[in-house]
Amino acid sequence: MPLMSLPRPKKLIRPLVHGLHAYVPGEQPKIKGLIKLNTNENPYPPSPKVLRAVTAAVDGRLRLYPNPTAETLRAKLAKLHGCAPENIIVGNGSDEVLALAVRCFVEPKPPENESWKLEAGGDLTHTTVQYFTPSYSLYPVLAEIHGAAKNAVPLNADFSMPSVAELRQGKLWRFDAALNLVTTPNAPSGRGYKTNELEKLCRAQNGVVVLDEAYVDFANENALQLALKLPHVLVARTFSKAYSLCFQRVGYFVGHAELIAALDKIRDSYNVNGLGQIAAEATLDDLEFYRANFKKIIATRETLARALTKLGFRALPSQTNFMLAKPPLFPAEQWLEKLRAKKILVRWFSAPAVRDYLRITIGTEAEARALVKAIGEVMREKLV
Ligand SMILES: Cc1ncc(COP(=O)(O)O)c(C=O)c1O
(Lines give C-alpha, C1' and ligand atoms only; values in the text may rest on other atoms or scores of the structure.)
Protein backbone atom coordinates (compact mmCIF):
# COMPACT_ATOMS: atom_id res chain seq x y z
CA MET A 1 0.00 0.00 0.00
CA PRO A 2 1.45 3.46 -0.85
CA LEU A 3 2.31 5.63 2.14
CA MET A 4 -0.15 8.54 2.59
CA SER A 5 1.88 11.72 2.40
CA LEU A 6 0.93 14.40 4.91
CA PRO A 7 0.66 18.04 3.80
CA ARG A 8 3.71 20.20 4.31
CA PRO A 9 2.91 23.14 6.65
CA LYS A 10 4.54 25.63 4.27
CA LYS A 11 2.06 24.68 1.54
CA LEU A 12 -0.88 25.32 3.85
CA ILE A 13 -0.11 28.99 4.35
CA ARG A 14 -1.53 31.67 2.01
CA PRO A 15 1.10 33.24 -0.26
CA LEU A 16 0.14 36.66 1.13
CA VAL A 17 1.00 35.51 4.64
CA HIS A 18 4.32 34.04 3.45
CA GLY A 19 5.28 37.48 2.18
CA LEU A 20 4.25 39.43 5.31
CA HIS A 21 6.61 41.36 7.56
CA ALA A 22 5.04 41.35 11.00
CA TYR A 23 4.83 44.50 13.14
CA VAL A 24 7.88 44.85 15.39
CA PRO A 25 6.81 45.95 18.89
CA GLY A 26 9.22 47.88 21.11
CA GLU A 27 11.49 45.68 23.16
CA GLN A 28 10.22 44.49 26.60
CA PRO A 29 13.53 43.56 28.26
CA LYS A 30 13.71 41.81 31.61
CA ILE A 31 17.04 43.29 32.71
CA LYS A 32 16.92 44.51 36.31
CA GLY A 33 17.33 48.21 36.97
CA LEU A 34 16.80 49.23 33.35
CA ILE A 35 15.14 52.60 32.72
CA LYS A 36 12.63 51.88 30.00
CA LEU A 37 11.93 54.88 27.78
CA ASN A 38 11.23 53.03 24.54
CA THR A 39 7.50 52.19 24.24
CA ASN A 40 5.69 55.31 25.43
CA GLU A 41 4.24 53.63 28.49
CA ASN A 42 3.11 55.87 31.32
CA PRO A 43 5.73 55.93 34.11
CA TYR A 44 3.02 56.20 36.78
CA PRO A 45 0.84 53.25 37.85
CA PRO A 46 -2.96 53.25 37.50
CA SER A 47 -4.94 54.95 40.26
CA PRO A 48 -5.32 53.02 43.55
CA LYS A 49 -9.08 52.85 42.84
CA VAL A 50 -8.41 51.07 39.53
CA LEU A 51 -6.02 48.61 41.17
CA ARG A 52 -8.62 47.90 43.88
CA ALA A 53 -11.40 47.39 41.31
CA VAL A 54 -9.31 44.93 39.30
CA THR A 55 -8.13 43.04 42.39
CA ALA A 56 -11.70 42.77 43.69
CA ALA A 57 -12.83 41.31 40.36
CA VAL A 58 -10.35 38.42 40.49
CA ASP A 59 -12.69 35.81 41.87
CA GLY A 60 -15.06 33.05 40.71
CA ARG A 61 -16.35 35.37 37.97
CA LEU A 62 -13.29 34.53 35.91
CA ARG A 63 -15.18 31.44 34.70
CA LEU A 64 -17.85 33.64 33.05
CA TYR A 65 -17.72 35.38 29.68
CA PRO A 66 -17.37 39.15 29.93
CA ASN A 67 -20.05 41.53 28.71
CA PRO A 68 -19.93 41.05 24.92
CA THR A 69 -20.54 44.71 24.02
CA ALA A 70 -18.64 46.39 26.90
CA GLU A 71 -22.02 47.91 27.72
CA THR A 72 -21.21 49.72 30.98
CA LEU A 73 -17.91 51.02 29.65
CA ARG A 74 -19.55 52.32 26.47
CA ALA A 75 -22.25 54.07 28.51
CA LYS A 76 -19.59 55.79 30.64
CA LEU A 77 -17.54 56.78 27.58
CA ALA A 78 -20.67 58.14 25.88
CA LYS A 79 -21.36 60.31 28.92
CA LEU A 80 -17.77 61.56 28.93
CA HIS A 81 -17.77 62.44 25.22
CA GLY A 82 -21.32 63.77 25.00
CA CYS A 83 -22.61 61.13 22.57
CA ALA A 84 -24.64 57.89 22.60
CA PRO A 85 -23.26 54.40 23.36
CA GLU A 86 -24.12 53.60 19.70
CA ASN A 87 -21.33 56.01 18.72
CA ILE A 88 -18.71 53.88 20.46
CA ILE A 89 -17.04 50.54 19.79
CA VAL A 90 -14.46 49.17 22.24
CA GLY A 91 -11.59 46.91 21.21
CA ASN A 92 -8.69 44.88 22.53
CA GLY A 93 -6.53 48.00 22.47
CA SER A 94 -6.93 50.63 19.75
CA ASP A 95 -4.81 48.32 17.58
CA GLU A 96 -7.85 46.06 17.30
CA VAL A 97 -10.26 48.80 16.26
CA LEU A 98 -7.71 50.03 13.67
CA ALA A 99 -7.54 46.49 12.25
CA LEU A 100 -11.35 46.29 12.21
CA ALA A 101 -11.48 49.55 10.21
CA VAL A 102 -9.22 48.09 7.54
CA ARG A 103 -11.37 44.95 7.30
CA CYS A 104 -14.63 46.92 7.33
CA PHE A 105 -13.95 49.76 4.89
CA VAL A 106 -11.28 48.51 2.47
CA GLU A 107 -11.57 45.94 -0.33
CA PRO A 108 -8.56 43.63 -0.65
CA LYS A 109 -6.72 43.98 -3.94
CA PRO A 110 -7.92 41.45 -6.52
CA PRO A 111 -5.49 38.61 -7.28
CA GLU A 112 -2.81 39.54 -9.87
CA ASN A 113 -4.52 37.65 -12.65
CA GLU A 114 -7.74 39.53 -12.03
CA SER A 115 -6.28 43.02 -12.09
CA TRP A 116 -7.90 43.48 -15.52
CA LYS A 117 -11.16 43.93 -13.61
CA LEU A 118 -9.77 47.10 -12.07
CA GLU A 119 -8.56 48.43 -15.40
CA ALA A 120 -11.95 47.64 -16.91
CA GLY A 121 -13.81 50.10 -14.75
CA GLY A 122 -13.07 48.78 -11.24
CA ASP A 123 -12.11 51.34 -8.64
CA LEU A 124 -8.59 51.04 -7.22
CA THR A 125 -9.33 53.59 -4.50
CA HIS A 126 -11.67 51.12 -2.76
CA THR A 127 -8.59 49.03 -2.05
CA THR A 128 -6.40 51.79 -0.63
CA VAL A 129 -5.26 52.42 2.94
CA GLN A 130 -3.59 55.83 3.04
CA TYR A 131 -1.41 57.41 5.72
CA PHE A 132 1.38 59.92 6.18
CA THR A 133 4.99 58.94 6.81
CA PRO A 134 6.38 58.87 9.33
CA SER A 135 3.40 57.83 11.44
CA TYR A 136 2.30 54.74 13.37
CA SER A 137 4.22 51.86 11.78
CA LEU A 138 1.33 49.43 12.31
CA TYR A 139 -0.73 50.99 9.48
CA PRO A 140 1.19 49.46 6.54
CA VAL A 141 1.23 46.11 8.33
CA LEU A 142 -2.57 46.16 8.71
CA ALA A 143 -2.95 46.99 5.01
CA GLU A 144 -0.59 44.15 4.04
CA ILE A 145 -2.36 41.60 6.23
CA HIS A 146 -5.63 42.50 4.49
CA GLY A 147 -4.12 42.45 1.00
CA ALA A 148 -5.04 46.13 0.57
CA ALA A 149 -3.11 48.71 -1.45
CA LYS A 150 -0.99 51.16 0.57
CA ASN A 151 -0.46 54.82 -0.15
CA ALA A 152 2.20 56.35 2.10
CA VAL A 153 2.61 60.11 1.63
CA PRO A 154 5.47 62.02 3.32
CA LEU A 155 4.76 64.71 5.89
CA ASN A 156 6.70 67.94 5.45
CA ALA A 157 10.35 67.83 6.58
CA ASP A 158 9.40 69.42 9.94
CA PHE A 159 6.66 66.77 10.37
CA SER A 160 3.90 69.32 9.82
CA MET A 161 0.98 68.14 7.71
CA PRO A 162 0.81 69.42 4.12
CA SER A 163 -2.28 71.57 3.55
CA VAL A 164 -5.07 70.29 1.30
CA ALA A 165 -3.83 72.66 -1.45
CA GLU A 166 -0.28 71.26 -1.10
CA LEU A 167 -1.59 67.69 -1.14
CA ARG A 168 -3.51 68.45 -4.35
CA GLN A 169 -0.42 70.02 -5.88
CA GLY A 170 1.82 67.15 -4.82
CA LYS A 171 -0.48 64.66 -6.56
CA LEU A 172 0.61 61.77 -4.32
CA TRP A 173 -2.26 61.99 -1.84
CA ARG A 174 -5.59 60.44 -2.90
CA PHE A 175 -8.75 62.19 -1.86
CA ASP A 176 -10.79 59.08 -2.67
CA ALA A 177 -8.81 56.46 -0.69
CA ALA A 178 -11.12 54.05 1.13
CA LEU A 179 -9.42 54.58 4.50
CA ASN A 180 -7.12 57.32 5.78
CA LEU A 181 -5.20 56.83 9.02
CA VAL A 182 -3.86 60.01 10.64
CA THR A 183 -1.80 59.87 13.85
CA THR A 184 -2.58 63.07 15.74
CA PRO A 185 -0.56 64.18 17.61
CA ASN A 186 1.92 62.47 15.31
CA ALA A 187 4.11 59.56 16.32
CA PRO A 188 7.04 59.29 16.26
CA SER A 189 7.62 63.03 15.83
CA GLY A 190 5.38 64.19 18.70
CA ARG A 191 4.11 67.07 16.56
CA GLY A 192 0.56 68.23 17.24
CA TYR A 193 -1.97 69.21 14.58
CA LYS A 194 -4.66 71.85 14.86
CA THR A 195 -8.27 70.71 14.77
CA ASN A 196 -9.05 73.20 11.99
CA GLU A 197 -6.34 71.77 9.70
CA LEU A 198 -7.56 68.23 10.46
CA GLU A 199 -11.11 69.32 9.67
CA LYS A 200 -10.04 70.72 6.28
CA LEU A 201 -8.34 67.43 5.45
CA CYS A 202 -11.34 65.37 6.61
CA ARG A 203 -13.77 67.48 4.58
CA ALA A 204 -11.66 66.93 1.44
CA GLN A 205 -11.74 63.11 1.77
CA ASN A 206 -14.38 60.80 0.26
CA GLY A 207 -13.44 57.72 2.29
CA VAL A 208 -13.30 57.08 6.03
CA VAL A 209 -10.79 59.11 8.06
CA VAL A 210 -9.49 57.73 11.35
CA LEU A 211 -7.90 60.32 13.62
CA ASP A 212 -5.68 58.19 15.84
CA GLU A 213 -5.49 60.17 19.08
CA ALA A 214 -3.50 57.67 21.12
CA TYR A 215 -1.43 60.48 22.71
CA VAL A 216 -3.96 63.31 22.70
CA ASP A 217 -4.19 63.69 26.49
CA PHE A 218 -0.68 65.19 26.41
CA ALA A 219 -1.64 67.71 23.68
CA ASN A 220 -3.11 71.22 23.68
CA GLU A 221 -6.25 70.23 21.80
CA ASN A 222 -8.19 67.20 20.55
CA ALA A 223 -10.38 66.65 17.51
CA LEU A 224 -13.08 64.48 19.06
CA GLN A 225 -15.81 66.88 17.93
CA LEU A 226 -14.98 65.98 14.30
CA ALA A 227 -16.13 62.39 14.90
CA LEU A 228 -19.43 63.70 16.21
CA LYS A 229 -20.06 66.18 13.41
CA LEU A 230 -18.66 64.50 10.27
CA PRO A 231 -20.20 61.15 9.23
CA HIS A 232 -16.99 59.69 7.78
CA VAL A 233 -14.62 60.51 10.67
CA LEU A 234 -13.70 58.11 13.49
CA VAL A 235 -11.56 59.15 16.43
CA ALA A 236 -9.43 56.38 17.99
CA ARG A 237 -8.56 56.59 21.69
CA THR A 238 -6.77 54.21 24.03
CA PHE A 239 -6.48 53.58 27.76
CA SER A 240 -2.90 52.38 27.20
CA LYS A 241 -0.79 55.51 27.27
CA ALA A 242 -2.38 58.30 29.26
CA TYR A 243 -4.31 55.93 31.53
CA SER A 244 -1.50 53.50 32.37
CA LEU A 245 -3.38 50.43 31.12
CA CYS A 246 -1.23 48.97 28.31
CA PHE A 247 -1.42 45.61 30.08
CA GLN A 248 -5.22 45.48 29.95
CA ARG A 249 -5.65 46.27 26.23
CA VAL A 250 -8.59 48.64 25.95
CA GLY A 251 -9.09 51.14 23.11
CA TYR A 252 -12.08 52.49 21.22
CA PHE A 253 -13.51 54.45 18.32
CA VAL A 254 -16.00 57.29 18.51
CA GLY A 255 -18.00 57.98 15.35
CA HIS A 256 -21.19 57.83 13.34
CA ALA A 257 -23.58 55.09 14.56
CA GLU A 258 -23.74 53.47 11.10
CA LEU A 259 -19.97 53.10 10.85
CA ILE A 260 -19.84 51.83 14.43
CA ALA A 261 -22.62 49.27 13.73
CA ALA A 262 -20.72 48.00 10.68
CA LEU A 263 -17.52 47.57 12.71
CA ASP A 264 -19.51 45.85 15.43
CA LYS A 265 -20.65 43.18 12.96
CA ILE A 266 -17.12 41.99 12.25
CA ARG A 267 -15.51 42.02 15.69
CA ASP A 268 -15.03 38.90 17.82
CA SER A 269 -17.96 38.27 20.18
CA TYR A 270 -15.96 38.79 23.38
CA ASN A 271 -13.21 41.05 22.10
CA VAL A 272 -12.68 43.03 25.32
CA ASN A 273 -11.62 40.97 28.32
CA GLY A 274 -13.54 41.36 31.56
CA LEU A 275 -10.73 42.72 33.74
CA GLY A 276 -9.93 45.25 31.02
CA GLN A 277 -13.52 46.48 31.03
CA ILE A 278 -13.49 46.78 34.84
CA ALA A 279 -10.16 48.62 34.83
CA ALA A 280 -11.32 51.06 32.15
CA GLU A 281 -14.63 51.72 33.92
CA ALA A 282 -12.82 52.45 37.20
CA THR A 283 -10.40 54.73 35.31
CA LEU A 284 -13.31 56.86 34.11
CA ASP A 285 -14.45 57.22 37.74
CA ASP A 286 -11.08 58.72 38.73
CA LEU A 287 -10.10 61.04 35.88
CA GLU A 288 -8.75 63.72 38.25
CA PHE A 289 -5.98 61.32 39.29
CA TYR A 290 -4.89 60.94 35.67
CA ARG A 291 -5.15 64.65 34.83
CA ALA A 292 -2.63 65.33 37.59
CA ASN A 293 -0.28 62.77 35.96
CA PHE A 294 -0.64 64.42 32.52
CA LYS A 295 0.49 67.70 34.09
CA LYS A 296 3.52 66.02 35.68
CA ILE A 297 4.50 64.29 32.43
CA ILE A 298 4.12 67.49 30.40
CA ALA A 299 6.24 69.41 32.95
CA THR A 300 8.95 66.69 32.81
CA ARG A 301 8.81 66.79 28.99
CA GLU A 302 9.52 70.51 28.93
CA THR A 303 12.31 70.29 31.55
CA LEU A 304 13.91 67.40 29.66
CA ALA A 305 13.71 69.29 26.35
CA ARG A 306 15.57 72.22 27.91
CA ALA A 307 18.22 69.96 29.46
CA LEU A 308 18.78 68.08 26.19
CA THR A 309 19.03 71.33 24.25
CA LYS A 310 21.75 72.51 26.67
CA LEU A 311 23.65 69.30 25.92
CA GLY A 312 23.56 70.00 22.18
CA PHE A 313 20.56 67.85 21.22
CA ARG A 314 17.87 69.20 18.92
CA ALA A 315 14.73 68.35 20.87
CA LEU A 316 11.63 68.74 18.71
CA PRO A 317 8.55 70.31 20.31
CA SER A 318 6.20 67.56 21.48
CA GLN A 319 2.49 67.29 22.25
CA THR A 320 2.85 63.70 23.45
CA ASN A 321 4.50 61.65 26.21
CA PHE A 322 7.64 61.22 24.12
CA MET A 323 9.95 63.39 22.07
CA LEU A 324 12.24 63.10 19.10
CA ALA A 325 15.71 64.42 19.78
CA LYS A 326 18.63 64.64 17.36
CA PRO A 327 21.83 63.87 19.26
CA PRO A 328 25.27 65.47 18.73
CA LEU A 329 28.67 63.72 18.39
CA PHE A 330 27.52 60.24 17.31
CA PRO A 331 24.86 58.90 14.95
CA ALA A 332 21.55 58.27 16.75
CA GLU A 333 21.87 54.51 16.31
CA GLN A 334 25.16 54.56 18.25
CA TRP A 335 23.57 56.64 21.01
CA LEU A 336 20.95 53.92 21.36
CA GLU A 337 23.70 51.41 22.21
CA LYS A 338 25.69 53.78 24.40
CA LEU A 339 22.61 54.55 26.49
CA ARG A 340 21.68 50.89 26.65
CA ALA A 341 25.16 50.20 28.07
CA LYS A 342 24.15 52.64 30.83
CA LYS A 343 20.89 50.75 31.35
CA ILE A 344 18.68 53.31 29.64
CA LEU A 345 16.52 52.09 26.78
CA VAL A 346 15.23 54.55 24.19
CA ARG A 347 14.00 53.86 20.63
CA TRP A 348 15.62 54.35 17.26
CA PHE A 349 13.89 53.92 13.89
CA SER A 350 15.78 53.24 10.66
CA ALA A 351 13.27 55.11 8.44
CA PRO A 352 15.12 57.90 6.56
CA ALA A 353 12.96 60.75 7.92
CA VAL A 354 13.76 59.87 11.55
CA ARG A 355 17.01 57.90 11.51
CA ASP A 356 18.97 60.88 12.86
CA TYR A 357 16.78 61.03 15.96
CA LEU A 358 16.19 59.12 19.18
CA ARG A 359 12.61 58.73 20.34
CA ILE A 360 12.54 59.18 24.07
CA THR A 361 9.50 58.33 26.22
CA ILE A 362 8.92 60.84 29.00
CA GLY A 363 9.42 58.96 32.25
CA THR A 364 9.34 60.16 35.83
CA GLU A 365 11.37 63.22 36.83
CA ALA A 366 13.99 60.90 38.36
CA GLU A 367 14.21 58.90 35.12
CA ALA A 368 14.63 62.10 33.10
CA ARG A 369 17.46 63.17 35.46
CA ALA A 370 19.10 59.74 35.07
CA LEU A 371 18.91 60.09 31.29
CA VAL A 372 20.51 63.54 31.33
CA LYS A 373 23.25 62.24 33.67
CA ALA A 374 23.94 59.24 31.40
CA ILE A 375 24.10 61.48 28.31
CA GLY A 376 26.58 63.77 30.12
CA GLU A 377 28.75 60.73 30.95
CA VAL A 378 28.69 59.49 27.34
CA MET A 379 29.78 62.93 26.17
CA ARG A 380 32.62 63.15 28.70
CA GLU A 381 33.79 59.63 27.75
CA LYS A 382 34.04 60.83 24.15
CA LEU A 383 36.27 63.74 25.19
CA VAL A 384 38.84 61.64 27.12
C1 LIG B 1 -0.27 56.07 17.29
C2 LIG B 1 -0.68 54.84 18.03
N3 LIG B 1 -1.93 54.39 17.89
C4 LIG B 1 -2.35 53.28 18.53
C5 LIG B 1 -1.48 52.56 19.33
C6 LIG B 1 -1.99 51.28 19.95
O7 LIG B 1 -2.34 51.40 21.23
P8 LIG B 1 -3.15 50.25 21.98
O9 LIG B 1 -3.39 49.12 21.03
O10 LIG B 1 -2.30 49.88 23.13
O11 LIG B 1 -4.44 50.91 22.36
C12 LIG B 1 -0.18 52.98 19.50
C13 LIG B 1 0.76 52.19 20.32
O14 LIG B 1 1.94 52.31 20.29
C15 LIG B 1 0.24 54.16 18.83
O16 LIG B 1 1.51 54.59 18.95
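The values are calculated or read from the model by the stated rules, or taken from the named source; none is laboratory data. What you see is a predicted model, and the numbers here were worked out from it, not measured in a lab. When we count neighbours, we look across all protein chains shown, and the Cβ atoms used for this are built from the backbone with ideal geometry, even at glycine.
So which residues in region 177-191 are more than 13 Å from the ligand (Cβ to nearest atom) and assigned to a loop (DSSP other than H, G, I, E, B), if there are any at all? Scanning region 177-191 gives Ala177, Ala178. Exactly one residue out of Leu12, Leu64, Leu80 is hydrophobic (A, V, I, L, M, F, W, C), assigned by TED's automatic domain parsing to the domain that holds Thr184 and loosely packed, with under 10 Cβ neighbours inside 10 Å: that is Leu64. Has region 316-337 got any residue that is in a strand (DSSP E or B) and of a type in the set (Val, Ile, Thr)? Among the residues of region 316-337, not one is in a strand (DSSP E or B) and of a type in the set (Val, Ile, Thr), which makes the answer no. Looking across Thr309, Thr303, Thr361, Thr320, one residue alone is in contact with a Gly (Cβ under 7 Å, 6 or more places away or on another chain), among the hydroxyl-bearing types (Ser, Thr, Tyr) and closer than 27 Å to Ala242 by Cβ. It is Thr320.
Among residues of region 360-384 that are part of a helix (DSSP H, G or I), those with a Cβ under 7 angstrom from a residue that is of a type in the set (Gly, Ala, Ser), sequence gap 6+ or separate chain, pair up as Val372/Ala307. Picking from residues in region 18-37 that are modelled with pLDDT of 85 or more and either surrounded by 11 or more Cβ atoms within 10 Å (Cβ to Cβ) or on the phi > 0 side of the Ramachandran plot (or both), the one that is nearest to the ligand (Cβ to nearest atom) is Tyr23. Flag not set for Lys117, criterion: in contact with a Ser or Thr (Cβ under 7 Å, 6 or more places away or on another chain) and at pLDDT below 95. Of the residues in region 52-67, at least one is in contact with a Phe, Trp or Tyr (Cβ under 8 Å, 6 or more places away or on another chain) and touching a residue at least 24 places away in the same chain (Cβ under 8 Å).
Yes/no per residue for (1) buried (at least 22 other Cβ atoms within 10 Å of the Cβ); (2) away from the ligand (no atom under 16 Å from the Cβ); (3) more than 16 Å from Tyr290 (Cβ to Cβ):
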| site | (1), (2), (3) |
| --- | --- |
| Glu197 | no, yes, yes |
| Asn206 | no, yes, yes |
| Val209 | yes, no, yes |
| Glu213 | yes, no, no |
| Glu221 | no, yes, yes |
| Leu224 | no, no, yes |
| His232 | no, yes, yes |
| Ala236 | yes, no, yes |
| Ser240 | yes, no, no |
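Across region 38-45, a minimum of one residue is classified as touching a Gly at 6+ places or on another chain (Cβ under 6 Å) and buried (at least 18 other Cβ atoms within 10 Å of the Cβ). Of the strands (runs of 3 or more DSSP E) entirely within region 205-307, those holding at least 1 residues that are closer than 25 Å to Phe322 by Cα and free of Cβ contacts under 8 Å to residues at least 60 places away in the same chain occupy 208-212, 233-238. Residues in region 270-329 that are under 20 Å from Leu371 (Cα atoms) and among the small types (Gly, Ala, Ser): Ala299, Ala305, Ala307, Gly312, Ala315, Ser318, Ala325.
Does Arg168 qualify as being within 21 Å of Leu138 (Cα to Cα), away from the ligand (no atom under 16 Å from the Cβ) and out of contact with any Pro (no Cβ under 9 Å at 6 or more places or on another chain)? Here the answer is no, as Arg168 does not meet what is asked. When the residues of region 77-99 are narrowed to those that are under 15 Å from Ala214 (Cα atoms) and among the polar types (S, T, N, Q), which ends up farthest from the ligand (Cβ to nearest atom)? By that ranking, first place goes to Asn92. Could you say which residue among Phe132, Phe159 is over 20 Å from Gly93 (Cβ atoms), touching a Lys or Arg at 6+ places or on another chain (Cβ under 6 Å) and either within 16 Å of the ligand (Cβ to nearest atom) or aromatic (Phe, Trp, Tyr) (or both)? Of Phe132, Phe159, the one residue that is over 20 Å from Gly93 (Cβ atoms), touching a Lys or Arg at 6+ places or on another chain (Cβ under 6 Å) and either within 16 Å of the ligand (Cβ to nearest atom) or aromatic (Phe, Trp, Tyr) (or both) is Phe159.
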